[in-house]
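What follows is one structure encoded as structure tokens, with my remarks underneath.
The values are calculated or read from the model by the stated rules, or taken from the named source; none is laboratory data. Note that the structure is a prediction, hence the values are computed from the model and not measured. Note: ideal-geometry Cβ built from the backbone for every residue, glycine included; neighbour counts use all protein chains shown.
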Amino acid sequence: MARVLLLTPPEQAADLAFLLEEEGHEPCFWPVLGAPGELPLGLRAVAEQLHRVTWVVAIGRGPLRAFLESVNRAGTRRALDKVQWLAADAPTARAIARQGGTVRVPGDGKWTSAVSGLLTSDDEVLVLHEGEAPEILLDSLDAAGVGFTQVAVPPSAGSGLLSTDAHRVVIVHSAAAGEAFVELTQGLPVSAPHAAQCCGPVVAEVVHGSRSVLSEGLRVVATTAAAAAALESLGVEVYATAAAAAADAVVDAALKALSE
């Protein structure tokens, strides 16, 4: 019997977990993308009036995910086509690009030059962030006479750092999950760690600190070509990519990784 790590909540991969158990293996769940909490009223209000927004400044993938969820609930997703983006970092920029957005990343947090070179007083800007927005960004928007709205998004439930030593295979379901997995296993700072959810009495160990926790023998299986491409772009070797996203095809790829 081998332990197989799934980067999703149990309810999102019940069929896959069942098939793995039928093959005599133990599925273990580690949701690397925190579940969104209650969406702020301000975020919902902005999503409903998205046609007024010309630029979105996204500081972190958590606020970005909450914003996109608000847009989906408000039914205003078509208005995203007219929005331009500034992102605080490369992972957030990649997440925006997957949504089809045109995104720029100010080098080394140079918000002043980005704002003065791109935005005008006619723009309506939404600033998405956790905690406090960078003061230099807000000062730059004020200096440019740009109208802007700030929305602070509470942190989603974090996933903590998980030791992967006990696992033989990890199954990655999406590009976003792959990127989050790489960040966590490389020991980048993580907020609000919590225990992983495993089937049966065994609970996966949560490791606090900043160190690499990706075991050398762990084989990575991607369920889609997009997930595989995201992992490989970050330097992670993908052992196998499932022929389809269906649970049986994913299990076939996982069994191949376990048997060789």
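Structure summary
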quantity: Any hit, the stretch 77-91, residues being at pLDDT below 90, part of a loop (DSSP other than H, G, I, E, B) and of a type in the set (D, E, K, R); calculated: yes
quantity: Any hit, the stretch 18-26, residues being in contact with a strand residue (DSSP E or B) (Cβ under 9 Å, 6 or more places away or on another chain) and assigned to a loop (DSSP other than H, G, I, E, B); calculated: yes
quantity: Filter result for ARG73 (of a type outside the set (A, V, I, L, M), closer than 24 Å to ALA180 by Cβ and out of contact with any Asp or Glu (no Cβ under 6 Å at 6 or more places or on another chain)); calculated: yes
quantity: Candidate set from the stretch 211-239 (those that are among the acidic types (Asp, Glu) and either farther than 19 Å from TRP30 by Cα or at pLDDT 85 or above (or both)); member that is surrounded by the fewest Cβ atoms within 10 Å (Cβ to Cβ); calculated: GLU237
quantity: Residues satisfying the stated conditions in the stretch 225-248, i.e. within 16 Å of the chain's Cα centre (by Cα) and in contact (Cβ under 8 Å) with a residue 12 or more places away in the chain; calculated: ALA226, ALA227, ALA228, ALA229, ALA230, LEU231, LEU234
quantity: Verdict on LEU20 being over 18 Å from the mean Cα position of the chain (by Cα), at pLDDT 90 or above and crowded, with 16+ Cβ neighbours inside 10 Å; calculated: yes
quantity: Of the criteria (1) within 17 Å of ASP89 (Cβ to Cβ); (2) of a type in the set (A, V, I, L, M, F, W, C); (3) modelled with pLDDT of 90 or more; (4) not in a loop (DSSP other than H, G, I, E, B), which one ALA114 fails; calculated: (3)
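Residues are listed down the side, and each one gets a yes or a no for (1) closer than 18 Å to PHE148 by Cα; (2) of a type in the set (D, E, K, R); (3) not assigned by TED's automatic domain parsing to the domain that holds VAL146:
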position	(1), (2), (3)
GLN49	yes, no, no
TRP55	yes, no, no
ALA66	no, no, no
ARG77	no, yes, no
ALA93	no, no, no
ILE96	no, no, no
